[in-house]
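Undergrad: One structure is given below, represented as structure tokens, and several questions about it will come after.
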Amino acid sequence: LLNLSVSLLPTNGVAGIDASGFDRSHASKHCPKRAKLPIQQLKVTLLVDSKVNAILDLHVTTTRKHDSQIAPSLIKRNPETIDILLGDKGYDDQKIRRLARQHEIRPLIKHREFTSLHKAWNARLDADLYGQRSQSETVNSTLKRKYGAFVRSQRWWKQFRELTIACLIHNIDRSL
């Protein structure tokens, strides 16, 4: 359904990737904090088209996987809809860059700056195009404001469905 909702929108092939956390419960945080109980969160990684802010795909996990471990699955699932991949320094990994180029995707991902060479590479990035990466952060924020920063379901697969439906509704709302 998410793919069908994307087909309603005029996407441009420039996609940004970004992750955000969603609480698994909307209850008060005071009691668990006092009892020193950790509240688990869902890590939701969204692949967002920068032209119309449409959510192309999502990945949901309960573990704290690093961004560079999640991005390859999103790239492999959507090679035909992405021409340029925008990402922050959390996605700076040679495996991601190599995989993107294999699928004929241009990766615009900032390098973590360990040497002066990395700083020079970052200075060469197309600033206007890289600036569109903020659209994925905007969509994350919009989802949380409109539909809540938490999921109500108790079961993992229902939580995934709840987030997928929120993304589907977001895309339909964008098409209207």
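Undergrad: Could you tell me which residue of the stretch 47-74 is surrounded by the most Cβ atoms within 10 Å (Cβ to Cβ), considering only residues that are within 21 Å of Leu8 (Cα to Cα), under 14 Å from the mean Cα position of the chain (by Cα) and among the β-branched types (Val, Ile, Thr)?
TA: Applying the filter and picking the extreme gives Val48.
Undergrad: Considering only the stretch 27-66, how many residues are modelled with pLDDT under 85 and under 13 Å from Leu2 (Cβ atoms)?
TA: Summing the residues that are modelled with pLDDT under 85 and under 13 Å from Leu2 (Cβ atoms) in the stretch 27-66 gives 0.
The values are calculated or read from the model by the stated rules, or taken from the named source; none is laboratory data. Remember, it's a predicted structure, so these values are computed and weren't measured experimentally. Cβ sites come from the backbone with ideal geometry, for glycine too, and all protein chains shown count toward neighbours.
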